[in-house]
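Novice: My questions will all concern the structure given below.
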Amino acid sequence: MTQFSKEVALRLTLAIKVLSQFSPKTLIEGLQLHFQTELSVDVLNQLTLADLQAIVEGEEQSGVEEAVPILRGETVNYQDWFPIEKPIENSQSIQVAVSSNNPEKLDGHFGSCDYYLIYQLTPETMRLVDVRLAIESELAKEKTAFRVNLIKDCDIVYLVSIGGPAAAKVIHANIYPLKKEEGGEAREFLAQLQSAIAQSPPPWLAKILGVSADERLKNYGKTVTAEE
């Protein structure tokens, strides 16, 4: 399966938002068929209004004019959309994915979000180190497996919702799913996680941090006693 560059994936993701009458797969396959090649930045830069009108011929035309500059990269680019920071070297850091449809937001269902924001977390630092766009999952035979593979190097994934079978696959990949139905600012939830890391992590988090089973039970017992 084709692997899009991050720039191409972002353009396609944003274009679909204004071409809501199309599925991502339909748009991608239509563009590839029209240009008779795999999609790249150079290919999309050549797109004209007439090209896109021809691709969607016979379908609802709403959003077509708005989508052309998006696909050509004239309205946004990956670097501006996502202010990625360089990871720090810290053996005790953890990596956290956030299911998202908007920059810096926790607002996505695991199986349908536009992308996963990837943060590196320590008790003192929080950095957005990557963004994994998920539009290619629409071309995959196993969509959930594709998405799990996107974040396989993460310890935790935040999400607004997730189905049971998908949750089982996430857990099987040694990723801990944290459901926050209310959603909100990603960094606010991560700050709460930071606080737990620095103070008294619950057993599941202590395990991720590499604390031994005996120490996890001992620390958890101290926490319960203190709360009582």
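Novice: Just name the residue that is surrounded by the fewest Cβ atoms within 10 Å (Cβ to Cβ) out of those in the stretch 85-96 that are modelled with pLDDT of 85 or more and within 23 Å of Pro177 (Cα to Cα).
Specialist: Let us first name the residues in the stretch 85-96 that are modelled with pLDDT of 85 or more, namely 85-89, 93-96.
Narrowing further to those that are within 23 Å of Pro177 (Cα to Cα): 87, 93-96.
Numbers: Pro87: 14, Ser93: 22, Ile94: 19, Gln95: 18, Val96: 27.
The selected residue is Pro87.
Novice: Right, here's the next one. Does Lys141 satisfy the criteria of being at pLDDT 95 or above and either assigned to a loop (DSSP other than H, G, I, E, B) or surrounded by 17 or more Cβ atoms within 10 Å (Cβ to Cβ) (or both)?
Specialist: Working: at pLDDT 95 or above: no; either assigned to a loop (DSSP other than H, G, I, E, B) or surrounded by 17 or more Cβ atoms within 10 Å (Cβ to Cβ) (or both): yes.
So Lys141 fails the test.
Novice: Go through (1) assigned to a loop (DSSP other than H, G, I, E, B); (2) of a type outside the set (S, T, N, Q); (3) modelled with pLDDT of 95 or more; (4) assigned by TED's automatic domain parsing to the domain that holds Phe35 one by one and return the number of the condition Cys113 breaks.
Specialist: Condition not satisfied by Cys113: (4).
Novice: Looking at Ser161, Ser212, Ser195, which is the one that is over 26 Å from Ile28 (Cβ atoms), at pLDDT 90 or above and not acidic (Asp, Glu)?
Specialist: Details: Ser161 fails: over 26 Å from Ile28 (Cβ atoms); Ser212 fails: at pLDDT 90 or above.
After applying the criteria, what remains is Ser195.
The values are calculated or read from the model by the stated rules, or taken from the named source; none is laboratory data. Bear in mind the structure is a predicted one, so any value in this text is a computation, not a measurement. Don't worry about glycine lacking a Cβ; one is built from the backbone with ideal geometry, like all the others, and counts go over all protein chains shown.
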